[in-house]
Amino acid sequence: MGMVKQNKADKKAILSHTTKKCPECLTQLTLDAEECFSCKKKVGEVNKHGVAKRPINWSSNIVCILSWILFVIYLWWAFF
């Protein structure tokens with residue numbers, strides 16, 4: 001029951017915000033802003049503290065995973 005009450009309180013806190021802050025430069029933005037006008041970074045939805053969430057950068061995650069896979073293949077080739 002406590003978790004349900006906490007989720008409702010979080011939703012109320014999110015709905016009560018009229019602006020959001022950029023997570024990079026902390027500039028005040030409108031709730032419908034998708035990009036910070038100051039630092040030009042993409043911003044997501046507002047969290048319960050009034051700060052915008054950082055969107056997931058899928059391309060960098062994929063490059064990182066592929067790099068690790070290639071590194072493991074190289075180690076296997078070089079030492080085994």
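Leu26 meets each of the listed conditions (1) assigned to a loop (DSSP other than H, G, I, E, B); (2) on the phi < 0 side of the Ramachandran plot apart from (2). Looking across Lys53, Lys48, Lys42, one residue alone is touching a strand residue (DSSP E or B) at 6+ places or on another chain (Cβ under 6 Å) and of a type in the set (D, E, K, R). It is Lys42. Among residues of segment 41-56 that are within 11 Å of Thr30 (Cα to Cα) and in contact (Cβ under 8 Å) with a residue 24 or more places away in the chain, those with a Cβ under 6 angstrom from a residue that is small (Gly, Ala, Ser) and surrounded by 13 or more Cβ atoms within 10 Å (Cβ to Cβ), sequence gap 6+ or separate chain, pair up as Val46/Ala52; Ala52/Gly44.
Any read-out appearing in this document is the output of simple, stated calculations on the displayed coordinates, not a laboratory observation. Note that this is a predicted model, so its numbers are computed, not measured. Here Cβ is always computed from backbone atoms with ideal geometry, including for glycine, and neighbour counts include all displayed protein chains.
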